[in-house]
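Here is the structure we will look at, set down as structure tokens.
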Amino acid sequence: MEHNFKKKYGQNFLKDNNILDKIANSVEISNDDLIIEIGPGSGALTEKLIKKSKKLICFEIDTDLKKYLEIYESMGAKIVYGDFLKQNVIEIINEYKYKNLYIIANLPYYITTPIIEKIINDKLLVDNCIFMVQKEVADRLKAKVGTKQYNSLTIFIDYYFEVNKLFDVNRNSFYPKPNVDSTIISLKKRKNYRVTLNNEKIFFKLIRDAFTYKRKTLRNNLKSYNLDIISKVLEKYNLDLNVRAENLNIEIFADISNSLS
Ligand code: SAM
């Protein structure tokens, strides 16, 4: 293929047909379902997805890839050229009637977190996201309390989604070959959220602030908060303000946040 691969867009295209099949088959999709693909590239995965459902919307930032993607447009897919992060996705998907919504992507790694945040903030009623992510990111998303990988993203995503690692993908499966290995994960929208919150905004701000400096205690990271209230909540769990955020589970954070709001 004649393409000038753009590193700045995270362009590492999958060349392993088995892996492409495994990704496309990792959720059951019927032709009533709507699929969003972020970053179709030259269409390796798109080719598999359109066989599952013609209700397929792809967002691709690089217009140089048009010549590879036109064929899927002629088969019924909608290709939107532009930055996924700037799209009014709700408006676009409202043009469709569908049963379930799936988002499937071999993600451009430089914007993994902003993409997941957009899906959450836009309140897309997605049933399942199947994402290729950097192996380290998958480890972070599945991290247990008290481990080095556990951070605010772990908790943020755990609130909305049940995270599962599906399988690893070796760097040799891509062209050009990236410097990292990858993992396919599934983010299944929870029917009931992990915890009940009085105010989601306060909860997410609290988590972000609590992890500002990983090695610092809550007392230091949460200086601007009402520490008396936080201290009282921690007491219930036999903890004090010298604890670090990485040692608090989502229930304790929810309890603190609800006491503050
Ligand atoms: N799906 C293809 C595959 O599996 O071979 C390509 C995957 S490649 C890792 C990531 C793709 O996302 C590239 O085609 C890149 O141009 C595209 N991309 C990067 N940033 C984007 C953005 N902000 N919005 C939409 N697409 C983007």
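Bear in mind that the values in this text are calculations on the coordinates, not laboratory data. Everything quoted here is computed from the prediction, not taken from an experiment. Cβ coordinates were reconstructed from backbone atoms using ideal geometry, including for glycine residues, and neighbour counts include every protein chain displayed.
Check each of the trypsin sites (Lys or Arg not before Pro) in the stretch 80-162 and keep only those in coil by DSSP with at most 16 other C-beta atoms within 10 angstrom; list them in order.
Hits after loop and neighbour filter: K97, K99, K123, K144, K148.
Would you mind ranking V180, V89 by Cβ crowding within 10 Å, fewest neighbours first?
The order, fewest Cβ neighbours first, is V180, V89.
To check my understanding: the extent here is largest minus smallest coordinate of the Cα atoms along each principal axis. What are those three numbers for the chain, in Å, largest first?
62, 40, 28
Summarise the long-distance tail of P(r) for the stretch 19-117 by giving the % of C-alpha pairs beyond 20 Å.
33 percent
To the nearest 0.05, how large is the calculated FRET efficiency for K123 and N258 if R₀ is 30 Å and r is the Cβ-Cβ distance?
0.90
How far is it, in nm, from the label point at K99 to the one at E200 when both lie 7 Å from their Cα along the line to the Cβ?
2.7 nm
Taking the chain as a Gaussian network, where each spring joins two C-alpha atoms under 10 Å apart, which residue of I155, I71, I115 fluctuates the most?
I71
Any chance you could run the full-extension gain for Y81 through K51? It's 0.36 nm times the residue separation minus the Cα-Cα distance, nm to one decimal.
Once the chain is fully extended between Y81 and K51, it gains 8.6 nm.
Would you mind giving the three semi-axes, in whole Å and largest first, of the ellipsoid equivalent to the stretch 201-247 according to its Cα gyration tensor?
Rounded to whole Å, the semi-axes are 15, 13, 10.
Mean separation of Cα pairs under 8 Å and 6+ residues apart, divided by the residue count of the chain: what relative contact order is that in percent?
Normalised by residue count, the contact order of the chain is 16 percent.
Cα axis of helix 227-236 to longest principal axis of the chain: angle in degrees, 0 to 90, nearest 10?
The two axes meet at around 90 degrees.
Averaged across orientations, what area in nm² does the convex hull of the alpha carbons in the stretch 92-139 project?
So the mean shadow area of the Cα hull is 3.8 nm².
Please go through the residue pairs K78/K188; K123/K165; K22/K205; K6/K123 and name each one whose alpha carbons sit more than 27 Å apart in this structure.
Table pairs above 27 Å Cα-Cα are K22/K205; K6/K123.
K177 to L241: extension gain in nm, 0.36 nm per residue of separation minus the Cα-Cα distance?
Length gained, K177 through L241: 18.5 nm.
For the stretch 57-187, state the average projected area of the convex hull of the C-alpha atoms over all orientations, rounded to one decimal in nm².
One quarter of the hull surface, i.e. the mean projection, equals 9.1 nm².
Quick query: amide H of F161 versus all other amide H atoms, modeled in the peptide plane; which residues come in under 5 Å with a sequence gap of 5 or more or a different chain?
HN-HN under 5 Å from F161: R190.
For the stretch 128-259, compute the orientation-averaged projected area of the C-alpha convex hull (one quarter of its surface), in nm².
So the mean shadow area of the Cα hull is 9.0 nm².
Using a 10 Å Cβ count of at most 15 others and DSSP loop calls, identify the longest part of the chain lacking such GluC sites (Glu not before Pro).
Counting only loop sites that pass the neighbour cut-off, the longest clear stretch is 96-261.
Principal axis extents for the stretch 122-161, Cα atoms only, whole Å, descending order, please.
31, 20, 13
How large is the convex hull of the C-alpha atoms of the stretch 59-114 per residue, in Å³?
108 Å³
For S74 and H3, what is the calculated FRET efficiency with R₀ set at 22 Å and r taken between the beta-carbons, to the nearest 0.05?
0.65
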